[in-house]
Amino acid sequence: MTQPILSVKDLAVTFETPDGSVNAVKGVSFDVAPGECLGIVGESGSGKSQSALAAMQLLAKNGAATGAIEFAGHDMLAMPQKQLERIRGAKMSMIFQDPLTALTPQLTVGQQMREILEVHEGLRGAAADARCIEWLEKVRIPEAARRMRQYPHELSGGMRQRVMIAMAMLCAPELLLADEPTTALDVTVQAQVLELMDDLRRETNTGIALITHDMGVVARMCQRIIVMRKGEIVEAGEVDQIFYNPQHEYTKMLLASVPRIDQVDRGARPSIDPVAPQDPILKVDDLKVQFPIRMKGGLFGRTKMLRAVDGVSFDLRPGETLGVVGESGCGKSTLARGVLNLIPASHGSVAWLGQDISGWERGKMRGLRKDLQIVFQDPLASLNPRMTIGASIAEPLQLHRRDLSRAERTDKVREMLTNVGLDPNMINRYPHELSGGQNQRVGIARAIITEPKLVICDEAVSALDVSVQAQVIDLLIELQKKMGLTMMFISHDLSVVREVSHRIMVLYLGRVVEYADRDQIYSNATHPYTKALISAVPTPDPKIERAKTRTLLEGDLPSPLDTRAALRFMPSKLVDDPDADQYRPKMVEVAPNHVVAEHDPALGSAGLIAS
C-alpha cells in the first residue's frame, strides 16, 4: 500500500453560533494517496467543504476541529502558524469554489502569482514571471503574458478558475484540495479544467481530493469515493463499486437523481408527453437585441454594437417545451427578455397568438403579463426579502385578478404551495428561512399563480443540489401536464434539457447553429459546436467515461464585439477585420425538423481538439 499523503481520522468540526453549537462534521475519516483522486460527494450542508478547510486549517474563527489530520507525517492540528504558512500554497494547495471572491480584486494576476513564488521559493523578477507564464499556458489561457497585467474582474469565470488552478500548482504541491472547481463553469470550460487536473495528477503524482455533488465529474476523475450526508460518511469504496453496486439508500438516491445525456427513459419519474401538430402560439422571427458599447482608444473613443441576440427565429406550439442551450454569453437570457419584451428588440418580430408585440410600451404589455411569465435563475435575488413568501406569490394576483377578495387570494396561494410541493403552513415564512430548492419552488409558484400560457425558465435549476434539481424538474413536467403550460427552458446543462424538452435550439454568440427534436439533436448532432457541447458533458458512468474520446473547444468563447467570432466554424468566408460585415451562415435543413447553420465540411473541427 502506498503511504497516504493526507490522512484524516475521526475529524469533527463544530461552530459556535448565537443559536448554540453546530456540528458540521461528525467523526469523518479518509486517506488520499499520491497520484490518486478521491471524490468527496454529497449535497449542500453535508460537510464536504468544511472537511477540506479543516485539513488546510482555514476554518472560520468560530469553528474548531478535533480528531487527527496528518499531511506527509505532520500533525496539521498541532502545527504552529508559521509552519502552516510554509506548507499551505507550497506542499498543499486548495482551489476554492468561487474564484472571484478567492482572488484579491485590487491585485493583478501577475502580482498574486509572483507573491506565492516569492514567499515559498524566494523567486523574483524575470524567473518568477517565466514560471507564472508557463503555468498560465499550461492551463490554456491565451495571451498569458498580457493576462499577467489584468485584474480578476477583467477575466471570464472560466479564466479565473484556470488562474486559480495555475496558482495552486505553481509550487508543484503534493496535495490539491479542489472544492467544486467546475460548478459555475460552462460544460466546455468544465471539460477543459477536468482534463487539465487529470493531466497534472498523472504527470506530477499529485494527490487530489475532489469535492463535488456532480456524479458525472466523479465518474470522470476519481478512483475512490466517499459519500457524505449531514456531516457523516454514509458510504465509501472504489468508484466502480459505488456506481454499480451502491449499498446506502442516500447513495442510490443521488445516482438516481442525476440526469443522463445518454438516456431519455426516466423510469418511474414523470416524462413529457408528445405534442400534437398545432398552430404555434409564439412565433419569433429574426429577433435581434443589440447594445452600444463605448470602446477606449483614440481621442474620443468609439462605439461598437454588442450583438447579444443576432437574428434568432423559432416558434412554440401549445404544451411544448423548447430547450435553449449554449455557453455563457451566447444570448440565452437576453433572448428570454427580448421575447417577453422586458428589453427592447433592435430588429425582428415577436408574435404572440398572431399579434406582433415587439415594441409594445410597458402599459400596453401589462395586460399580457398574466399569460407571459418567467422563473429567474437566482430565486433568493428575485424574491423580496421583506415580503413573506405568501405575499410574494399573491402579488401577481393583486395586479391581474382584482376580482378576488383577500381570503380568495390566500386560498389560491395555499393551493399553489401544495401544487409545488410546499407545506401551505409556510405561507408566512420569509425567503431567508427557506432552502434554495424551496425558494425555487416559490419562484415557480409565483410565476404560475396567474395560470399563464407561457413560462420561461432561465437556468431555474442550475444552482440546486442534484436531488432538489430532480424534484423541480419533475414538478415542472407535472405542472405542464396539469396546466397545459408552454415553456422555454434555458440551461447550459444538456442532460437536464434533454429530460424536459420536446425540441432543442443551440445558440452560439447570439445565433442559432442547430435546431431539432430532442432525440435527433442528441443522436445525430451535425454542427461542430453542438458535437463539442455534447462531448463535454460528463456521464455518471465510470466505464463510459474511461472509454470516451472527447472533442473539446479550444480557448474561451470569443467576444461578441468581434464580427469575426461568429465565423469560427466557417473560416473560409472570414474577412480578417474585427469591424467588417461578415458572411452570415445560412440555416440548412439536413432532415425533417432538423436545421443546421452552414459550416465548412473540410474544417468542421476548426477550433476543436480531440483527447
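The values are calculated or read from the model by the stated rules, or taken from the named source; none is laboratory data. If you're wondering where the values come from, they're calculated on a predicted model, not measured in any experiment. Glycine gets a Cβ as well: all are built from the backbone with ideal geometry, and neighbour counts include every protein chain shown.
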Condition test on Gln190, is it assigned by TED's automatic domain parsing to the domain that holds Phe96, out of contact with any strand residue (DSSP E or B) (no Cβ under 9 Å at 6 or more places or on another chain) and within 26 Å of Leu507 (Cα to Cα)? yes
Anything in the stretch 16-69 that is of a type in the set (Val, Ile, Thr) and modelled with pLDDT of 90 or more? List them, or say none. Val25, Val28, Val32, Ile40, Val41, Thr66, Ile69
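Only one of Leu603, Leu561, Leu552, Leu557 is assigned to a loop (DSSP other than H, G, I, E, B), at pLDDT below 90, touching a strand residue (DSSP E or B) at 6+ places or on another chain (Cβ under 7 Å) and of a type in the set (A, V, I, L, M). Can you tell me which? Steps first, please.
Values: Leu603 fails: touching a strand residue (DSSP E or B) at 6+ places or on another chain (Cβ under 7 Å); Leu552 fails: assigned to a loop (DSSP other than H, G, I, E, B); Leu557 fails: touching a strand residue (DSSP E or B) at 6+ places or on another chain (Cβ under 7 Å).
Matching residue, one of Leu603, Leu561, Leu552, Leu557: Leu561.
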Condition (residue is under 20 Å from the mean Cα position of the chain (by Cα), part of a helix (DSSP H, G or I), of a type in the set (D, E, K, R) and surrounded by fewer than 22 Cβ atoms within 10 Å (Cβ to Cβ)) applied to the stretch 531-538: is it met by at least one residue? yes
Of the conditions (1) farther than 21 Å from Glu137 by Cβ; (2) in contact with a helix residue (DSSP H, G or I) (Cβ under 7 Å, 6 or more places away or on another chain), Met92 satisfies every one except a single condition; which number is it? (2)
So, Ala54, is that one small (Gly, Ala, Ser) and in contact with a Ser or Thr (Cβ under 7 Å, 6 or more places away or on another chain) or not? no
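Just to be sure, is Gly437 in a helix (DSSP H, G or I) and either in contact (Cβ under 8 Å) with a residue 24 or more places away in the chain or not aliphatic (A, V, I, L, M) (or both)? Lay out the reasoning, then the answer.
On the way: in a helix (DSSP H, G or I): yes; either in contact (Cβ under 8 Å) with a residue 24 or more places away in the chain or not aliphatic (A, V, I, L, M) (or both): yes.
So Gly437 fits the description; yes.
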Please go through the stretch 438-474 and pick out each residue that is small (Gly, Ala, Ser) and either surrounded by 22 or more Cβ atoms within 10 Å (Cβ to Cβ) or within 25 Å of Asn428 (Cα to Cα) (or both). Gly443, Ala445, Ala447, Ala460, Ala463, Ala470
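Select from the stretch 80-114 the residues that are farther than 12 Å from Ala55 by Cβ, not small (Gly, Ala, Ser) and not in a helix (DSSP H, G or I) and list them in ascending order.
Pass one, the stretch 80-114, residues farther than 12 Å from Ala55 by Cβ: 80-83, 85-86, 89-91, 95-114.
With the extra rule that they be not small (Gly, Ala, Ser), the set shrinks to 80-83, 85-86, 91, 95-101, 103-109, 111-114.
Scanning the stretch 80-114 gives Pro80, Lys91, Ile95, Phe96, Gln97, Asp98, Leu103, Thr104, Pro105, Gln106, Leu107, Thr108.
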Of residues in the stretch 160-203 being touching a helix residue (DSSP H, G or I) at 6+ places or on another chain (Cβ under 8 Å), more than 21 Å from Gln50 (Cβ to Cβ) and not hydrophobic (A, V, I, L, M, F, W, C), the one surrounded by the fewest Cβ atoms within 10 Å (Cβ to Cβ): Asp198
Expected output for the stretch 469-491 (first residue within 26 Å of Leu255 (Cβ to Cβ), partner surrounded by fewer than 22 Cβ atoms within 10 Å (Cβ to Cβ) and modelled with pLDDT of 90 or more, Cβ below 6 Å, 6+ apart or cross-chain) is Ile477/Ile272
Could you tell me whether Val512 is free of Cβ contacts under 8 Å to residues at least 60 places away in the same chain and either assigned to a strand (DSSP E or B) or crowded, with 20+ Cβ neighbours inside 10 Å (or both)? no
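Could you say which residue among Ile208, Ile225, Ile233 is touching a residue at least 60 places away in the same chain (Cβ under 8 Å), surrounded by 15 or more Cβ atoms within 10 Å (Cβ to Cβ), touching a Cys at 6+ places or on another chain (Cβ under 9 Å) and not assigned by TED's automatic domain parsing to the domain that holds Asn341? Before the answer, list the steps.
Numbers: Ile225 fails: touching a Cys at 6+ places or on another chain (Cβ under 9 Å); Ile233 fails: touching a Cys at 6+ places or on another chain (Cβ under 9 Å).
That would be Ile208, the only listed residue that is touching a residue at least 60 places away in the same chain (Cβ under 8 Å), surrounded by 15 or more Cβ atoms within 10 Å (Cβ to Cβ), touching a Cys at 6+ places or on another chain (Cβ under 9 Å) and not assigned by TED's automatic domain parsing to the domain that holds Asn341.
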